[in-house]
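The values are calculated or read from the model by the stated rules, or taken from the named source; none is laboratory data. No experiment lies behind these values; they were computed from the predicted model shown. Cβ placement follows ideal geometry from the backbone for every residue including glycine, while neighbour counts extend to all protein chains displayed.
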Amino acid sequence: MNKKEDIIILAIESSCDETAAAVVKNGREVLSNIISSQIELHKLYGGVVPEIASRKHIEKINQVIEEALKTADKSLDEIDAVAVTYGPGLVGALLVGVAEAKAISYAAQKPLVGVHHIEGHICANYIENPKLEPPFLCLVASGGHTHLVLAKDYGKYQVIGRTRDDAAGEAFDKVARAIGLGYPGGPKMEKLSKEGNPDAILFPRAKIADHPYDFSFSGVKSAVLNYLNGCKMKGIPVVEADVAASFQKAVVQVLVEHAMLAAREFGVKQFAIAGGVASNAALREEMRQACEKRKIDFYHPSPILCTDNAAMIGAAAYYEYLAGTRHGWDLNAVPNLKLGER
Ligand code: KG4
Ligand code: ZN
């Protein structure tokens, strides 16, 4: 039963290669979370092909939304708002979700709330952690982003560090491709790493002078490619599991080091991680230990809420809705949307 004051949000996410819709109650209770993944399709090309992604979104979006409403046992009449990711992401992919959300909100006469994709990833942490409230620091590591974000309050964010080149997930994907693991590389690299020695090869850990919270992963990626080439030229057999484990250790170490530096500087007592890479067990374990040592509460979403999904968009939209955020009929996709203050 819904109480009168309950806020039910239908959320839509289509920024990359997942067509997703969810129904979320009061920001933290997921009534449905439907994801139609395009991974099998993009695998054939070794990565996400933007035009194929848009075409697949337009094909799937109505079914996904219908399933989300059906699973939640809600009609459009019972929805208080329609939320949608409007950036950042692939423009053609975003446009499908934005146009759909606008059409539903217009037809059903419900308010429209545009959501920042990264804000969604951060808010995924609220869903399974009822205790978590701002302020906290969040490391968002996905295929497109590696950000250290200070969540000062609901809807109020300060990006304190970001990658200067490749995102962490992107580096995982590129190294996986070089080893011959295919797309998406992250989960396959993690699996292979379990069979390897993380101390077999010392790959570089990049630091950016005067910007201790920024990241750079193109150096470690190039170092792996050079190592593989060097072995090939010298006829030395490559132990792929050692390469994967050593690469993973280098990336995880940098992420955790920068995260803990920021935690100390900003004096936070809570730390969360988010995004596809946050489902990596080695990263979770290192973060858990580092936070425990410093008496910081550590939070992370379940893997299904780490990768792209619409439940996280519904969680973020709830707090935006409460703060009065409403978008008009002119809402557009913004591929390079910045995360900041409301
Ligand atoms: O958040 P996400 O689903 O999409 C973006 O917004 O980018 O993140 C996908 C990224 C991919 O690069 C994928 O390889 C990486 O997250 N990833 C992982 C793992 N699972 C997914 N990276 C490392 N270890 C994992 N277990
Ligand atoms: Zn994402």
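Couple of notes before you dig in:
- Options LEU228, LEU331, LEU261: the member that is closer than 25 Å to ALA68 by Cα, modelled with pLDDT of 95 or more and surrounded by 14 or more Cβ atoms within 10 Å (Cβ to Cβ): LEU331
- Qualifying residue in region 248-257 (condition: modelled with pLDDT of 95 or more and closer than 24 Å to ILE127 by Cα): yes
- Selected residue (criterion: farthest from ligand 2 (Cβ to nearest atom)) from residues of region 15-29 that are crowded, with 23+ Cβ neighbours inside 10 Å and not charged (D, E, K, R): VAL23
- Taking the criterion of being within 16 Å of ligand 2 (Cβ to nearest atom) and of a type in the set (S, T, N, Q), the residues of region 105-142 that qualify are ASN125, SER142.
- If you go through region 46-60 and keep only what is touching a residue at least 12 places away in the same chain (Cβ under 8 Å) and surrounded by fewer than 19 Cβ atoms within 10 Å (Cβ to Cβ), you end up with GLY46, GLY47, PRO50, GLU51, ILE52, SER54, ILE58.
- Condition met for HIS57 (closer than 24 Å to HIS327 by Cβ, assigned to a helix (DSSP H, G or I) and within 16 Å of ligand 2 (Cβ to nearest atom)): yes
- Some residue of region 107-115 being within 14 Å of ALA21 (Cβ to Cβ), small (Gly, Ala, Ser) and surrounded by 19 or more Cβ atoms within 10 Å (Cβ to Cβ): no
- Scanning region 184-198 for residues that are within 16 Å of ligand 2 (Cβ to nearest atom) and either surrounded by fewer than 18 Cβ atoms within 10 Å (Cβ to Cβ) or more than 20 Å from the chain's Cα centre (by Cα) (or both) gives a single hit, PRO187.
- Applying the condition of being part of a loop (DSSP other than H, G, I, E, B) and basic (Lys, Arg) to region 89-143 and asking which residue is nearest to ligand 1 (Cβ to nearest atom) yields LYS131.
- Residue in region 269-278 that is closer than 17 Å to CYS138 by Cβ, of a type in the set (Phe, Trp, Tyr) and surrounded by 22 or more Cβ atoms within 10 Å (Cβ to Cβ) present: yes
- Scanning region 248-294 for residues that are free of Cβ contacts under 8 Å to residues at least 24 places away in the same chain and within 13 Å of ligand 1 (Cβ to nearest atom) yields ARG284, GLU285.
- Residue tally, condition buried (at least 24 other Cβ atoms within 10 Å of the Cβ), within 14 Å of ligand 1 (Cβ to nearest atom) and not β-branched (Val, Ile, Thr), over region 146-169: 3
- When residues of region 68-91 are limited to those that are surrounded by fewer than 18 Cβ atoms within 10 Å (Cβ to Cβ) and polar (S, T, N, Q), the one farthest from ligand 2 (Cβ to nearest atom): SER75
- For region 157-165, the condition holds for no residue, the condition being that it is in contact with a His (Cβ under 9 Å, 6 or more places away or on another chain), of a type outside the set (Asp, Glu) and within 18 Å of ASN309 (Cβ to Cβ).
- Positions within region 274-299 being of a type outside the set (A, V, I, L, M, F, W, C) and under 21 Å from GLY185 (Cα atoms), in sequence order: GLY275, GLY276, SER279, ASN280, ARG284, GLU285, GLU286
- Those residues of region 145-164 which are in contact with a helix residue (DSSP H, G or I) (Cβ under 6 Å, 6 or more places away or on another chain) and among the hydroxyl-bearing types (Ser, Thr, Tyr), in sequence order: THR146, TYR154
- Selection within region 179-217 - near ligand 1 (Cβ under 10 Å from one of its atoms) and among the polar types (S, T, N, Q): SER193
- Subset of region 287-326 [touching a strand residue (DSSP E or B) at 6+ places or on another chain (Cβ under 7 Å), under 25 Å from ALA81 (Cβ atoms), surrounded by fewer than 22 Cβ atoms within 10 Å (Cβ to Cβ) and not β-branched (Val, Ile, Thr)]: TYR321, ARG326
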